[in-house]
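The values are calculated or read from the model by the stated rules, or taken from the named source; none is laboratory data. On a predicted model such as this, the values are computed, not experimentally measured, just so you know. Note that we place each Cβ from the backbone using ideal geometry, even for glycine, and neighbour counts take in every protein chain shown. Accessible surface areas use protein heavy atoms only, side chains included; no ligands, DNA or RNA. Shrake-Rupley method; radii C 1.70, N 1.55, O 1.52, S 1.80 Å.
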Amino acid sequence: MEYIIVTLLLFILMLAYFKIALKYKIIDKPNHRSAHSEVTIRGGGVVFPVAFLLFLLTIAGVGFLSLPASDINFENHNFLMFGIGLLLICIISFIDDVTDLSSKIRLAFHVVVVTFLMLFLDILAIQPMWLIPVLYIIIIGILNAYNFMDGINGITGLYTLAVLLSLWYINTYIIDFTADGFIIYPLLATIVFLFFNFRTKAKCFMGDIGSMGIAFWVIALLGLLILKTGELKWILFLSVYGVEVIATLLERLKLKENIFEAHRRHLYQLFANDLKISHLTVSAVYAVCQLLINAFVIFSDLPDAVIFPVVLMPLVILYFYTKYAVKKAIPKAAKK
């Protein structure tokens with residue numbers, strides 16, 4: 001019953017945000033790099049920080065919302081510390097949605113929010129010390145990768161759904177690594193967002209507030225799972241996005257392009273923009289690919305040293321073969 005109420009509240013709050021966004025023109029206008037052709041509300045990802053605030057209310061046992069005592073202090077997780085980091089990254093990302101911020105300001109805030117994430121995971125005392133700056137680079141990289149991949153209707157929403165469902169399955173049936181609500185609340189928020197976004201003509205886009213916010217939440221969950229099991233293989237839950245972002249970055253560096261400027265070189269962009277394949281189809285394929293990988297990772301007993309090449313080598317080969325084939329098909333599609 002609690003989750004039904006939360007879902008209804010998220011729907012109502014989203015509709016209220018749409019009115020505010022239209023009034024203050026928080027919208028995304030199409031340009032030559034866009035994958036859409038109509039003005040659309042930006043910042044629909046506000047549903048994620050709202051979902052966390054509702055999660056905090058359940059912890060506090062406010063009104064009709066309450067969590068079991070076992071969820072409230074799950075292994076002494078400091079959910080408030082996580083919340084500060086989440087709200088900070090959502091605030092700075094929403095400001096960036098409304099008015100472009102300099103990369104230096106964004107980076108400074110990313111360092112701060114990652115610090116809160118590390119405090120939440122209690123890993124700032126990790127040894128050896130050189131791992132700390134490496135973790136900062138990796139986490140900030142994942143945050144931005146999630147943002148780079150959020151370019152067509154439904155892609156990040158469906159992809160996130162695949163990741164969160166996998167984490168929920170592990171938490172429910174394999175190993176209890178966090179409070180149920182800490183996974184279910186972002187799951188509900190993702191479903192609500194997809195209701196408005198997974199359409200041929202989306203009602204809203206996620207915006208930086210959404211892609212950065214949910215990426216922060218997903219990283220926190222993966223971090224908890226890795227620390228609980230002592231296995232790094234769970235990072236492969238982000239392998240589809242990871243391979244594409246790194247490969248595209250290397251391609252742009254090879255072409256001597258400014259990697260901080262918007263572009264249309266991602267494979268999903270070529271599918272949607274050049275081959276004119278439905279956004280919904282492309283998004284579904286990405287999510288299903290990641291879900292299949294997740295299933296293999298979950299049920300495989302292979303050690304980390306083996307499972308990483310077993311998953312990544314075929315994925316990399318498939319990616320480059322597909323991109324090569326797509327680039328060959330684009331001129332033919334343009335002539336039609």
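Between residue 299 and residue 321, residue separation times 0.36 nm minus the direct Cα-Cα distance comes to 5.2 nm. Return the inverse of the average 1/r over all pairs of distinct C-alpha atoms in segment 255-324, which is the Kirkwood hydrodynamic radius, in Å to one decimal. Kirkwood hydrodynamic radius for segment 255-324: 14.3 Å. Taking 0.36 nm per residue of sequence separation and removing the Cα-Cα distance, the residue 24/residue 168 pair yields an extension gain of 48.1 nm. Can you pick out the pairs among 25/104; 276/328; 23/203; 201/327; 203/323; 23/201 whose Cα atoms lie more than 24 Å from each other? Pairs exceeding 24 Å: 25/104; 201/327; 203/323.
Only Lys, Arg, Asp and Glu carry charge here, each on its Cβ (+1 for the first two, -1 for the last two); on that basis the chain has a dipole of about 1820 debye about its Cα centre. For segment 242-336, the relative contact order is 37 percent, taking Cα pairs closer than 8 Å that sit 6 or more residues apart in sequence and dividing their mean separation by the residue count. Its DSSP H runs of at least 4 residues, each contributing -39,500 (n - 2.57), put the calculated 222 nm mean residue ellipticity of the chain at -22500 deg cm²/dmol, to the nearest 500.
Averaging 1/r across all pairs of distinct Cα atoms in segment 191-336 and inverting the result yields a Kirkwood radius of 17.4 Å.
Please report the base-10 log of the normalised intensity I(q)/I(0) for the chain, using a Debye sum with one equal scatterer per alpha carbon and no solvent, at each q in 0.08, 0.15 (1/Å). The calculated log intensity ratios at q = 0.08, 0.15 Å⁻¹ are -0.37, -1.40.
Cα convex hull, segment 204-259: 111 Å³ per residue, rounded to a whole number. Relative contact order for the chain: 23 percent, from Cα pairs under 8 Å spaced at least 6 residues apart, divided by residue count. The eigenvalues of the Cα gyration tensor, multiplied by 5 and square-rooted, give segment 170-236 an equivalent ellipsoid with semi-axes of 27, 13, 10 Å from largest to smallest.
So if we plug the beta-carbon distance of residue 134 and residue 292 into 1/(1 + (r/R0)^6) with R0 = 35 Å, what FRET efficiency do we get, rounded to 0.05? That pair, residue 134 with residue 292, gives E of 0.75. The shape of segment 294-335 can be summarised by an equivalent ellipsoid whose semi-axes, obtained from the alpha carbon gyration tensor, come to 33, 10, 4 Å from longest to shortest. Normalised by 2.2 N^0.38 Å, where N is the number of residues, the alpha-carbon radius of gyration of segment 113-152 equals 1.36. Comparing 333, 310, 297 along the charge dipole axis of segment 285-336, the residue lying farthest to the positive side is 333, per the Cβ-charge model.
Solvent-accessible surface (1.4 Å probe) assigned to residue 100 amounts to roughly 140 Å².
Of 216, 80, 249, which is farthest along the charge dipole of the chain in the positive direction, counting Lys and Arg as +1 and Asp and Glu as -1 at C-beta? Sorting the options by dipole projection puts first 249.
Computed in the context of the full set of protein chains, the accessible area of the chain at 1.4 Å probe radius has 69% of its extent on carbon or sulfur.
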